[in-house]
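Single-structure report; data block below.
The values are calculated or read from the model by the stated rules, or taken from the named source; none is laboratory data. Predicted, not measured: the structure shown is a model, and the values here were computed from it. Note that we place each Cβ from the backbone using ideal geometry, even for glycine, and neighbour counts take in every protein chain shown.
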Amino acid sequence: MKYKFINLFAVFICIMGTLALIPPNKEKWIPLFNGKDLSNWTVKIFHHEVGENYGNTFRAEEGMIKVRYDQYDQFNNRYGHLFFNKPFSHFKLRFDYRFTGIWRADAPSYTKINSGIMYHSQDPKTILKEQDWPISVEMQLLGGLDDGLARQTGNMCSPGTDVVFKGRVDPRHCINSNSKTYYGDQWVHAELIVLGDSLVSHLINGDTVLQYSKPQIGGGVANGYNPALKIDGKLLEKGFIALQSEGQEIDFKNIELLDLSGQYKKK
């Protein structure tokens, strides 16, 4: 009996040791950018038809998606967006970004060291040629200016939309986060957690800097859209993700998404 017990104990230790070597279930992050080209992405730039990448605004170089204006004769309010071709509802999005410091002086002054990521956007195929912004919600990305004043990043802006902030629909076009100010061309890590038409969280370098809920079609700034698509008060459960261009050069890399749709069911 003694030897039998010892043998069983040895088997138990062996099993436990084997289990310890098995890694826990890993999150299945999907790379949205292949690091080589803009496959699975669609461009829409104000004053241009869907799919026309005017001036090679969005380009894949050195493992990054770059926003550049060196082939522009004039900016002419050519606000642009690069859309991933699949819509999502519940997800985590993570990416790194940096501003290059090069800004078109003929762009509106507010666009200096300013860009963003749109989510729950309308399909780019439904955006009209003379529509300036997609109906969407934006995770706004800002960098510090030479004035030394605080300038948070990871804010929320609302072209043609509204959100609920601190228990009520907030009428402001943009809501600032509580992030610190980032200067120069340093890489910043950002995360966006979207739970359908429920809770949304913005994270910068691992810290939650803003939370709100119930993204919906509403106010904000958007012109030239098809009025049949702008149903104010309609909750936005899903939509397209897009990188923004609005006059400031910026780089994006490590763009990955974790699809959470299987973990949440609409009530």
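I'd like the residue in segment 89-111 that is outside any strand (DSSP E or B) and crowded, with 16+ Cβ neighbours inside 10 Å and, out of all such residues, is nearest to the chain's Cα centre (by Cα).
It comes out as SER89.
Within segment 112-132, work out how many residues are touching a strand residue (DSSP E or B) at 6+ places or on another chain (Cβ under 8 Å), assigned to a loop (DSSP other than H, G, I, E, B) and not acidic (Asp, Glu).
4
How about segment 206-231: which of its residues are part of a loop (DSSP other than H, G, I, E, B) and in contact (Cβ under 8 Å) with a residue 24 or more places away in the chain?
Across segment 206-231, the qualifying residues are GLY218, GLY219, GLY220, VAL221, ALA222, ASN223, GLY224, TYR225, ASN226, LYS230.
Where the second residue is surrounded by 14 or more Cβ atoms within 10 Å (Cβ to Cβ) and among the acidic types (Asp, Glu) and the first is outside any loop (DSSP other than H, G, I, E, B) and at pLDDT 95 or above and lies in segment 170-181, which pairs have Cβ atoms under 9 Å and are six or more apart or on separate chains?
CYS174/GLU138
Within segment 153-183, track down each residue that is closer than 20 Å to LEU243 by Cα and surrounded by fewer than 19 Cβ atoms within 10 Å (Cβ to Cβ).
HIS173, CYS174, ILE175, ASN176
Which condition number in (1) closer than 26 Å to ILE193 by Cβ; (2) basic (Lys, Arg); (3) in contact with an Asp or Glu (Cβ under 8 Å, 6 or more places away or on another chain) is the one that LYS26 fails?
(3)
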